[in-house]
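First up is the structure itself, then whatever we jot down about it.
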Amino acid sequence: MRYLIIVVSLLLSSFSSLSQQAPPLPIEAFTKHGDYLNMALSPDGKHMFARLRIEGRVVLIFINTETMKMVGGVKPENKDEIHSAEWISNERVVYQVQEMQSSFDQPIATGELFAINMDGSDSTILFGYRAEDGYTGSRISSRDSIKASAEIISYLPDDDRHILIAEYPWTQEGNYLYDDRKKNPIISRLNVNTGKRRRQEFILYPGASAFATDAGEVKFIRWRTEQGKSNSAYRLNEDDDWTPLKLDDINSFIPVSISNDGKKVFLYGDVGEQDLNTIYQFDLETQALTQLFSDLSADIAFTNWDPKLKMPVVGFSHNGKVDYHYAPVESETASLHKRLVSAFGDQQVSISSQSEDGSLVLVNVRSDINPGEYYIFNTTTNDAEFVWANRSWLDPRVLAQKTPISFTAKDGLPINGYLTLPLGAKEDSNYPLVVMIHGGPHGIYDTWTFDGEVQLLANRGYGVLQVNYRGSGGRGDFFERAGYRNWGTKMIQDIIDGTEYVLNEYPLNTENVCSYGASYGGYAAMMVAARSPELFKCTIGYVGVYDLNNMYLESDIPRNMGGIAYLERVIGRDAKELADNSPVNLADRIKANVMLIHGEKDTRVSVVNTEAMKERLEAQGKTVPYLNFSRAGHGVYDESGRLELYTNLVSFLDQNIGK
């Protein structure tokens, strides 16, 4: 391990060798999308693919792991981008694209499947709505156009010619097609060379997710009803009837994967008084239930698998920075992970992929000031080779570190979050504060990872507070449920309590505070300014919902499976309650200067919310700067639009709370 330790030590020492005074960087350094996105090793480890952004488009390249030279690649036609990719053999890759449409600024995943050999040969479309016209230029045109999305559920390792997919037919409403998962999925065996498919099974439950073995047997399914209830069922043999899965020892659970032989299923389920989420292993034959990760103070967010044991062995949770949890089994992958964590120090270390024989491992390393790096680690020689860094134009030495914080809300509930101060902050500093509120709100939470918005604001001299208010994810189902029917009350008070806490404990200017957020965060930015008008000098709402009734009337959520039941659970139907907690009805209480931002094509939170909010504020005599992006949806994706957005956002902050 000596070589790895030397490499990492040099890297870490370079982080601390630069001056503590951060130079102002161009705004586009923070608003540009990442360039090196994700990578995966081929089964034999001789090659790897990488999704890479070049000239504003995401392409796929192939790299020889011995020479580290590019040996091939894929650039989709038109302005399409690579959405995802998977190795199905040592030479062939199946990939999906996201399509650029003239009326939207963000590419949309199409659910199609394409395949290509590493050397560029046998490129073809396998499945999707453009299959009939030969999108990739293939001479094969006998296949059908299929208005559905495909998900690979088994790579069938003993069959080089086929994969097993689940087809999800689209729903047509007028001239529009939606992948709303309201129709019954079809299981098909798909030829990865010709695109021919043979239907294997029809699943009786609309939108169900299917789990299959390496042999292609569907042994487990899960689905959600229109009432929002989660269900799952299993069978030991394909000729058996489906048996509902019921576990008395877990309050709630969601199946996430199945073992290769189909004998065990892995579940995301509750544990302890806080209903924290961990991973369980359930033996379908013996009915034995085993908890894989324990000693939790936060939910298991994701896992690393052991390819030999064919099970998750490393769990990651975010209580402050990052905590690691190891399954109670003897695992070479877990042992290797512990060594890597020791070598890379105070960063999040995960194993992205491994060769089948375990000799090569692709390691991803990231942190609050590291947007992500990849290393290839040779388990035989213990050598690590740096591959690339995402957002390489950003030097971690000039980025500001996130400090985990925790405080107690007024009603006694423990709340955590993060405070980022500008680089070189001193105790006698007096920084203006931006309270940056995450969206969601449920299931989403801020973590100790790189955030371009946070770094932009810190680079401009602002402190940035992020509060994981009740209702956020990551802290267990009890904590998340505590936010239900409290969007405009206790959740808002948590943010106000957190703001007052950091103003008292850190070198911040109590007179210069601004709230900012997107989606629910935009809603909350308005609500904190209405609930505590003396605390906030300005507020910025980005694609925010400002009339809660619009969640039922002007949103795509009710169209989704279980969408209405979800809204009834989290915001309710009471007309007075919805009105009392809608910012459009509280405009007269907002003293702060307001800026509004929205995308004209937003289907999640309609632009009518911002138009109404602007009208109500102007009726109170306010002048409201408003940015409307004609091609944007629920957030601005186009880089020129993002530059315009954040240039105006920083200018607004400078005018209102800047030094």
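The values are calculated or read from the model by the stated rules, or taken from the named source; none is laboratory data. A quick note: this is a predicted structure, and the numbers were derived from the prediction, not measured. Cβ atoms come from the backbone with ideal geometry, glycine included; neighbour counts cover every protein chain shown. Accessible surface areas use protein heavy atoms only, side chains included; no ligands, DNA or RNA. Shrake-Rupley method; radii C 1.70, N 1.55, O 1.52, S 1.80 Å.
Just how large is the dipole of the chain about the Cα centre, in debye to the nearest 20, putting +1 at every Lys and Arg Cβ and -1 at every Asp and Glu Cβ?
The dipole magnitude comes to about 760 debye.
Magnitude of the Cβ-charge dipole of the range 183-247, K/R +1 and D/E -1, about the Cα centre, nearest 20 debye?
Charge dipole of the range 183-247: 320 debye, to the nearest 20.
Against the main long axis of the alpha-carbon atoms of the chain, helix 520-531 sits at an angle near 20°.
Normalised radius of gyration for the chain, please: alpha carbon Rg relative to 2.2 N^0.38 Å, two decimal places. Rounded to two decimals, the normalised Rg is 0.98. Take the solvent-accessible surface of the protein heavy atoms, probe 1.4 Å, and return the percent of it on the range 615-659 that carbon and sulfur atoms account for. Summing carbon and sulfur atoms, their accessible area is 44 percent of the total for the range 615-659. Solvent-accessible surface of the chain, taken per residue with a 1.4 Å probe and all protein chains present: 42 Å².
Counted by Cβ distance under 13 Å from L236, the other residues give a net charge of -4, where Lys and Arg count +1 and Asp and Glu count -1.
Excluding same-chain neighbours fewer than eight residues apart, the lysines reachable from K229 by a Cα-Cα span under 20 Å are K182, K183, K246. Here the spin labels are modelled as points 7 Å beyond Cα on the Cα-Cβ line, and at N509 and D556 they lie 4.1 nm apart. Using only side-chain charges placed at the Cβ, +1 for Lys and Arg and -1 for Asp and Glu, the dipole size of the range 510-624 relative to its Cα centre rounds to 140 debye.
Between R481 and R57, the simple label model (points 7 Å from Cα in the Cβ direction) yields a spacing of 5.0 nm.
The angle between the Cα long axis of helix 332-344 and the longest principal axis of the Cα atoms of the chain comes to about 40 degrees, rounded to the nearest 10. Positive end of the dipole of the chain (Cβ unit charges, origin at the Cα centre): among N628, P371, I254, the Cα lying farthest that way belongs to N628.
Using the Cβ-Cβ distance between K196 and N175 with R0 = 41 Å, the FRET efficiency computed as 1/(1 + (r/R0)^6) comes to roughly 0.85. At what distance in angstrom do the alpha carbon centres of the range 343-373 and the range 41-67 lie from each other? Centre-to-centre distance over Cα atoms comes out at 16 Å. Give the lysines whose C-alpha is closer than 18 Å to that of K402, dropping any in the same chain fewer than 8 places away, or say none. Of all the lysines, those that pass the test against K402 - Cα under 18 Å, at least 8 places apart if same chain - are K321, K426. Computed log10 I(q)/I(0) for the range 393-454 at 0.13 Å⁻¹: -0.46, from the Debye equation with unit scatterers placed on every C-alpha and solvent omitted. Taking the C-alpha atoms only, the angle from helix 608-619 to the longest principal axis of the chain is near 0 degrees. The peptide list 581-591, 177-187, 64-74, put in order of mean Cβ contacts within 10 Å with the highest first, becomes 581-591, 177-187, 64-74. Consider all pairwise Cα distances in the range 503-659 and report the whole-number % of them above 26 Å. In whole percent, the share of Cα-Cα pairs in the range 503-659 beyond 26 Å is 27.
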